[in-house]
Structure formats: C-alpha cells, structure tokens
1. Over segment 105-221, what lengths in whole Å, largest first, do the semi-axes of the equivalent ellipsoid take, defined as the square roots of 5 times the eigenvalues of the alpha-carbon gyration tensor?
2. Please compute the Cα-Cα pair-distance distribution of segment 1-153 with 5 Å bins starting at 0, giving whole percents from short to long.
3. Which cross-chain or sequence-distant (5 or more) residues have an amide H under 5 Å from the amide H of VAL36, H modelled 1.01 Å from N in plane?
4. Taking neighbour counts of Cβ atoms within 10 Å as a proxy for exposure, in what order, fewest first, do HIS304, HIS221, HIS7 appear?
5. Please state the relative contact order of segment 4-363 as a whole percent: Cα pairs under 8 Å, 6+ residues apart?
6. Give the order of VAL155, VAL86, VAL139 when sorted by the count of other beta carbons within 10 angstrom, beginning with the fewest.
7. In nm, to one decimal, how far is the modelled label at VAL139 from the one at LEU8, with both set 7 Å along Cα→Cβ?
8. Along segment 326-336, what does the Karplus equation 6.51 cos²θ - 1.76 cosθ + 1.60 (θ = phi - 60°) give for ³J(HN,Hα), rounded to whole Hz, x for Gly and Pro?
Amino acid sequence: MPGIVPHLVVGAVAALVTATATPLVRRFAVGLGLLVVPGERDVHTAPTPRLGGPAMLLGLLAGVLAAWLVGDFAEVFAAPSEMVGVVAAAVVICAVGVIDDVRPVSAPAKVAGMVLSGSVLSLSGVSLVVLRIPFLDVVLLSPDLSALLTVVWVVLLANALNLTDGLDGLAAGIVAIAAATFFLYALRLGDEGLLFDGNPGSMLAVIVVGICVGFLPHNVHPARIFMGDGGALLLGLLMAAATVSVGGRTEAAYSGQSFFFFAPVFIPVVILGVPLFDMAFAAVRRVATPGLKMTSPDKDHLHHRLLRLGHGHRRAVLILWGWTALLSGFVLWPTYSGDGDAIVPIGVLALGLLLFTVLHPRLRASPAGVTDSGVAGGGVGD
C-alpha cells in the first residue's frame with residue numbers, strides 16, 4: 001500500500017486544482033446570473049452563486065490523474081474499471097446536482113440520479129463484499145445484496161451531506177475532517193495487512209480532503225460561492241466510495257472481533273455521525289409532523305437550532321466541526337493505540353463542548369439575527 005507521502009502529493013494536487021477552478025466557476029456562474037437569491041429558509045443576505053460542484057469535480061479528476069502518474073498507485077489502476085466507475089459515477093451525480101442548482105428538479109428525479117450513480121459505482125466493482133458486525137460475525141454478501149446495500153449507502157451519504165450544507169463552510173469542513181480521519185484509518189488497516197494493495201479507499205479519502213481544503217477558502221463565511229447540490233452530492237458519493245472500498249472489502253481472514261474499533265462498518269457511521277444524525281432526525285421529524293412531507297424543507301436542522309440558540313454563524317459551524325472532530329478522535333485513538341482509554345478524555349471534551357453549545361449563548365448574549373461578524377449568515381441547504 002502506498003505510503004503517506006504519495007497520498008499527500010495526490011491530495012495537494014486535488015486541493016490546488018479545486019482552489020484554482022473555484023473562482024473561475026464562480027465568475028462563470030455570476031456572468032450567467034446563476035445566483036441564489038436569499039429566501040425564507042436561507043440565512044445568507046446577498047445573492048450568491050452555488051455552482052461549486054464542477055470545481056470540485058475538476059479537483060477529483062486532477063487527483064485521480066496525479067495518482068495515476070505517481071507510480072506508487074500502480075496497483076490501484078491495475079484494474080482500471082474501478083477508478084473509471086468512480087469517475088463516471090461522480091460525473092453522473094455531480095451533473096444531477098448541477099442541474100438541480102440551475103433549475104430545480106423533483107425529489108424523485110434527484111433520487112433516481114443518486115441510484116444511477118450508486119449503480120454505476122457498484123457495477124464497476126466498488127461495492128460492499130463483506131458486512132462485519134462487531135462482536136458477531138462476518139457476512140459474505142451475495143452480488144444482488146452487495147449492489148443494493150452499496151446503492152443505499154450512496155443515497156444515504158449524498159442526502160446527509162446535502163442536508164448538512166446549510167451554513168458557509170459547514171459541509172466542506174465536516175467532510176474534510178471525516179475524510180482525513182478515514183484516510184488515517186485506512187492507512188492503519190493497510191499497515192496491519194488488512195487491505196489489498198489495489199484498494200482505492202485511502203486514495204479516494206485523501207482526494208476528498210484535498211477537494212474540501214481547496215474549496216473552503218472560497219466557502220467560509222461570508223461565502224463567495226456555495227457548493228450547491230452538485231458539490232454536496234459529489235462529496236457524498238466519494239465518501240461512500242471510500243468507505244465501501246475499505247469497510248466492505250478488508251481481508252476476509254480478519255474477523256474484527258478482537259478489537260471493536262476495527263469494525264469498518266462502524267467507523268464511517270461514527271465519523272459521519274453529525275450529518276447522519278441530522279438526516280435521521282429530519283426524517284423522524286417530518287414523519288411525526290402531520291401534513292409535512294418527507295421531502296418538505298424546514299428550518300429545524302442542527303445548524304438552524306444552533307443559530308436560534310444564539311450562536312453566530314462562524315461559531316455554529318465551529319461547534320459542528322468540533323463534534324465531528326470528537327467523534328473522529330473517538331474512533332482513531334483506539335485504532336492506533338490498541339485500547340479504549342481515550343474514551344475518558346474524549347468524554348470530558350464532549351461534555352465541555354456540550355456545555356459550551358448550550359450555555360454560551362446565555363452567558364454571552366448577542367443581538368438576535370446578528371452573527372460573529374455582524375452580518376446574517378449564508379448557506380444553502382434543505
């Protein structure tokens with residue numbers, strides 16, 4: 001498995017290309033008048049383009065090309081169908097999102113695009129092969145069940161990240177932290193000999209980190225461009241591809257029972273706990289509310305609630321980044337140390353962050369509707 005230096009080179013290329021392409025895409029969107037005018041549910045105040053998806057896609061293509069040119073990843077490209085499938089699936093889901101950014105499409109049509117993208121991914125060979133249940137057993141999946149679960153995972157992550165993209169820099173920061181964590185986790189599995197040399201999971205994870213790092217300077221508050229559905233769905237697809245590659249295809253001889261935190265299915269669920277919890281909470285809320293459809297947008301997501309508590313835009317984003325970092329530390333520390341002693345300090349940090357989240361607005365009240373910078377926040381999300 002390639003070392004950390006080739007991975008960092010690939011990530012740096014993805015970051016550089018994304019950072020360079022984003023202002024060009026922004027200029028193109030502004031020239032065509034493709035701007036998001038603030039609405040009732042939005043928290044930004046000025047019309048802002050939201051076509052960040054194509055710039056992120058260019059970052060992906062550049063990262064894959066760089067990996068192909070770096071000889072350390074020869075094993076990953078030995079069976080080119082997988083990477084071709086990842087790129088094709090990324091183009092499909094990004095196109096669906098961009099179309100929705102330019103001219104909104106129906107929810108069923110958008111889901112159909114996600115299913116198509118997930119199907120392309122699965123048909124190319126990037127799919128769950130085994131399902132590891134901590135403390136129980138390893139289940140070898142049939143081809144049909146493997147494809148189904150892969151598509152479902154793509155749809156879940158794409159929707160979760162799309163719902164999270166509601167404040168400037170929120171989704172990009174959360175994904176950057178989660179992808180970096182999963183990259184380190186994949187390296188650890190590789191060091192233990194649990195991943196075959198051609199596994200693309202670590203490479204995809206570091207490319208996602210690069211994409212987010214390159215996009216964030218243009219997306220932090222006050223954002224000059226939003227990633228839009230094109231970017232959010234693309235990041236969801238790439239995270240699904242990375243986690244499926246690692247979590248669903250580790251060596252079958254490894255039972256995973258000796259160490260709970262070496263449970264590849266458990267790891268991505270925890271690392272991406274913030275967007276997945278927000279999506280699950282939104283689904284329950286909409287089902288439980290009479291007259292509210294599952295696809296009906298609202299202003300009760302986690303970031304909306306933090307704003308209503310009195311947190312400013314930047315502070316609300318930092319809090320959710322903090323929770324993602326804590327969850328990441330919760331799984332990374334025992335993965336590298338071999339024990340679960342970190343649960344105590346991480347629990348203390350979690351308690352401190354919880355108290356800060358709930359009590360800080362009351363201890364330091366600020367005028368309603370005013371953010372840290374004195375300007376109402378921005379972002380687009382459902």
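No lab work stands behind these numbers, since they all come straight from the coordinates. All values derive from a computational prediction rather than experimental measurement. Here the Cβ positions follow ideal geometry from the backbone for every residue, glycine too, while neighbour counts run over all protein chains shown.
1. Working: eigenvalues 137, 94, 31 Å².
Semi-axis lengths for segment 105-221 are 26, 22, 12 Å.
2. 2, 9, 12, 14, 16, 16, 13, 9, 6, 3, 1, 0
3. Distant-sequence amide H within range of VAL36: THR48, ARG50.
4. Lowest to highest Cβ neighbour count: HIS304, HIS221, HIS7.
5. Details: 589 pairs, mean separation 81.3, N = 360.
Rounded, it is 23 percent for segment 4-363.
6. On the way: VAL155 21, VAL86 26, VAL139 12.
With the sparsest Cβ surroundings first, the list reads VAL139, VAL155, VAL86.
7. So the two model labels end up 4.0 nm from each other.
8. 5, 4, 5, x, 4, 9, 6, 4, x, 5, 8
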